[in-house]
Amino acid sequence: MEDMKTLATCINKLVLDGFTEDFKVTEDGELISLKDNHIYSPNQVHVVNFFRFEGASDPADNSILYAIETDDGRKGTLTDAYGPYADPHVTKFFKQVEDIAKKPAEDDTATNG
C-alpha cells in the first residue's frame, strides 16, 4: 500500500478516491463547501476516516485530516490542527457529528487512533 505517513500523501490518495470537495467550519459552527458555499449541519455529515499527524519536534505541526461524506453525496476533506492549536469551531462541530468512523488501513502508521 502507498505510504500514508504524510499529510500531502493522504490528501492526494483521498482525492484519487473521490474526496474532491474542500470543507471548512464557519464561525457559526456549520460546515461549508469552499466550492459553492453549500452549508451542512453536523447531522448531515459523516466522517468516514481521519488521520492524525505529529510534528517531529514542534507541537504546532500536529494536524488532523478528516475524510467527509455528506448526506447529499459530496465527498471531501477538512484539515485542522489538533491539541492546543486546534480551531475551537472545528472541535465543537466534530463533537456534534454522531457518525465518525476510523477505518483500519493495511499500513496506517500515520495515526494514533
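The values are calculated or read from the model by the stated rules, or taken from the named source; none is laboratory data. In this text, all values refer to a predicted model and were calculated from it rather than measured experimentally. Here Cβ is always computed from backbone atoms with ideal geometry, including for glycine, and neighbour counts include all displayed protein chains. Ligands, DNA and RNA are stripped out before the accessible areas are found, and what is left, the full protein with its side chains, is counted by its heavy atoms. Shrake-Rupley method; radii C 1.70, N 1.55, O 1.52, S 1.80 Å.
Observations, loosely collected:
- Pairs, first closer than 18 Å to Lys95 by Cα in the stretch 68-84, second part of a strand (DSSP E or B) and among the polar types (S, T, N, Q), C-beta under 9 Å, six or more apart: Ile68/Thr77; Thr70/Ser33; Thr79/Ser63; Asp80/Ser63; Ala81/Ser63; Tyr82/Ser63
- Across the stretch 60-78, not a single residue is classified as of a type in the set (Ser, Thr, Tyr) and not in a strand (DSSP E or B).
- Single condition Tyr40 does not satisfy, out of (1) at pLDDT 95 or above; (2) open to solvent by 20 Å² or more (accessible area, probe 1.4 Å); (3) over 13 Å from the mean Cα position of the chain (by Cα): (2)
- Among the residues making up the stretch 65-85, those that are of a type in the set (A, V, I, L, M) and open to solvent by less than 10 Å² (accessible area, probe 1.4 Å) are Leu65, Ala67, Ile68, Leu78.
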